[in-house]
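*Asks:* Provided herewith is a single structure, encoded as structure tokens, for subsequent inquiry.
We did not get these values from a lab; they are worked out from the coordinates using the rules stated. No experiment lies behind these values; they were computed from the predicted model shown. Here the Cβ is made from the backbone with ideal geometry for all residues, glycine too, and neighbour counts use every protein chain on show.
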Ligand SMILES: Nc1ncnc2c1ncn2[C@@H]1O[C@H](COP(=O)(O)OP(=O)(O)OP(=O)(O)O)[C@@H](O)[C@H]1O
Ligand SMILES: [Mg+2]
């Protein structure tokens, strides 16, 4: 029965907060929704499961203090102690929509995020990692469970990097480190080797361990699946897992062993069943290849990654309805590209040669909106409800007029 005593007895507290509802759990801690005792501000309280994790918590506090005040890093408010157990607790910004991991588990996302949501994630995680880089911090445990999500008042997602318990602060003089940290499915091959295969290896690591884990995370966000899949599972067959990550042919982005003891089948493309359009997937393959290369000569640095992402995020998405087939396509083009290049891309998707393409927008010829210019930058805004309409010029003028008067577009 719900009595005042029952409710009160289930409420626990830290030095400065009340808490009751658990919102997450990890290997080291439980995370609760907290309420500030003085101003009732809602927070997240990361309370250690036991004292053995105190070192990680201290590391996390130091990193979060250094990284403070960035929209794509979870905000740190302070350190407290649980009133009954005296276990240390970290007070931070509450992210109401859970983690990217839980978001990818939702039914509509089991085959990955759709274009618009993925572009937000790519932007946010890249800005967050740039901030880490500027502050000489390597996270060392980038994965969907450590990327949190908030929703703005306008309903837009904001992604934030969290969980800095495994992070490493570097300096200009020492950009390398030797210790192991992370989650095995997302580990850079050199770290995987030292952790599970050749434990005596004296290999050192640098910020590129985050780049590899980011590649695995982005792959998961695009497809809903892990990139490397030994038949018996990554944790049960470490030697195949290591073979997958360390011997992946250049240009491949994933590997799967479909039968016990069978060969690894490599993929250079993203699966068709993804929620993402094929045009955006096409651009992202390059990013995944650059992030997940075991050879330090080929694996991208953060700077290369960031400049490629900037170009991808600048692409203009153009929705085009091919009337003859009643099929809509979404095509991504750099704003500097020309109408001719756009028509070539349209031809690729529709098989309708550029010379036969007639384009309409809002019941007029597209050229009316371009005002003499011929670059993608001046294309009018389109979306699935307001696309550019493509007709084959084999249609007679009469049929076009008839369609326009019927309001078919
Ligand atoms: N600020 C927050 N707001 C909302 N939920 C959070 C917050 N911080 C953590 N969580 C939830 O709690 C989970 C565990 O938190 P966190 O990753 O920090 O713990 P951990 O023990 O370090 O994890 P791991 O198992 O990765 O080592 C997250 O995956 C997330 O679902
Ligand atoms: Mg975590």
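*Asks:* Apply 1/(1 + (r/R0)^6) to the Cβ-Cβ distance of residue 286 and residue 6, taking R0 = 56 Å, and write down the FRET efficiency to the nearest 0.05.
*Replies:* Taking R0 as 56 Å, the efficiency between residue 286 and residue 6 is 0.45.
*Asks:* Now for a different question. Between helix 278-291 and the chain, what is the angle of the helix's C-alpha long axis to the longest principal axis, kept within 0 to 90° and rounded to the nearest 10?
*Replies:* In the chain, helix 278-291 runs at an angle near 40 degrees to the longest axis.
*Asks:* By how many nm would the segment from residue 54 to residue 355 grow when fully extended, if each residue of separation counts as 0.36 nm and the alpha-carbon distance is taken off?
*Replies:* 101.5 nm is the gain from fully extending residue 54 to residue 355.
*Asks:* Express in nm, to one decimal, how much length is gained between residue 385 and residue 38 on full extension, taking 0.36 nm for each residue of separation and deducting their alpha carbon distance.
*Replies:* Fully extending the segment from residue 385 to residue 38 adds 120.1 nm.
*Asks:* Say each of residue 197 and residue 298 gets a label point 7 Å from the Cα, pointing the same way as Cα to Cβ; how far apart are those two points in nm?
*Replies:* Result: 1.5 nm between the two label points.
*Asks:* Follow-up question, since we're still on this one. Most fluctuating residue of 263, 124, 115 in a GNM of the chain with Cα springs under 10 Å: which is it?
*Replies:* Sorting by GNM fluctuation, first place goes to 263.
*Asks:* In what sequence, highest mean first, do 368-377, 88-97, 11-20, 269-278 appear when ranked by Cβ atoms within 10 angstrom?
*Replies:* Packing order, densest peptide first, comes out as 88-97, 11-20, 269-278, 368-377.
*Asks:* With a point put 7 Å past each Cα toward its Cβ, work out how far residue 365 is from residue 179 in nm, to one decimal.
*Replies:* Here the answer is 6.9 nm between the modelled labels.
*Asks:* Please tell me the relative contact order of the chain in percent, rounded to the nearest whole number, where contacts are Cα pairs under 8 Å and at least six residues apart.
*Replies:* 10 percent
*Asks:* Who wins for biggest fluctuation among 110, 312, 259 in a Gaussian network model of the chain, springs between alpha carbons below 10 Å?
*Replies:* Between 110, 312, 259, it is 259 that shows the largest mean-square fluctuation.
*Asks:* What FRET efficiency do you get for residue 316 and residue 392 if R0 is 22 Å and r is their Cβ-Cβ distance, rounded to the nearest 0.05?
*Replies:* 0.35
*Asks:* If you don't mind, there's one more thing I want to ask. So for 107, 245, fewest C-beta neighbours within 10 Å to most, what's the order?
*Replies:* 107, 245
*Asks:* Which residue fluctuates most in the GNM of the chain (Cα springs below 10 Å): 297, 194, 286?
*Replies:* The residue with the greatest mean-square fluctuation here is 297.
*Asks:* Does the stretch 236-341 come out rounded, prolate or oblate, given a ≥ b ≥ c as the square roots of the eigenvalues of its C-alpha gyration tensor, rounded meaning a/c under 1.5 and, failing that, prolate meaning a/b above b/c?
*Replies:* Because a/c hits 1.5 or more and a/b fails to exceed b/c, the stretch 236-341 counts as oblate.
*Asks:* Between residue 246 and residue 65, what FRET efficiency follows from the Cβ-Cβ distance if R0 is 30 Å, with the result rounded to 0.05? Walk me through the numbers before you get to the answer.
*Replies:* Working: r = 36 Å, r/R0 = 1.21.
It comes out at approximately 0.25.
*Asks:* Please give the contour-minus-distance gain from residue 156 to residue 204: 0.36 nm per residue of separation, less the Cα-Cα distance, rounded to one decimal in nm.
*Replies:* That works out to 13.3 nm of additional length.
*Asks:* State whether the chain is rounded, prolate or oblate according to the following rule on the C-alpha gyration tensor (a ≥ b ≥ c being the square roots of its eigenvalues): a/c under 1.5 gives rounded; otherwise a/b larger than b/c gives prolate, and the remaining case gives oblate.
*Replies:* It is prolate, given that a/c is not under 1.5 and a/b is the larger ratio.
*Asks:* Take peptides 69-75, 37-43 and line them up by average Cβ neighbours within 10 Å, highest first, as a rough protection proxy.
*Replies:* The most tightly packed comes first, giving 69-75, 37-43.
*Asks:* When the helix-only estimate is applied to the chain (DSSP H runs of n ≥ 4, each -39,500 (n - 2.57), divided by the residue count), what is the mean residue ellipticity at 222 nm, nearest 500 deg cm²/dmol?
*Replies:* When only DSSP H runs of four or more count, the value is -9500 deg cm²/dmol.
*Asks:* Would you mind estimating how fast the stretch 100-313 diffuses translationally, via Stokes-Einstein at 25 °C and 0.890 mPa s with the Kirkwood radius over Cα pairs, in µm²/s?
*Replies:* In µm²/s, the coefficient is 139.
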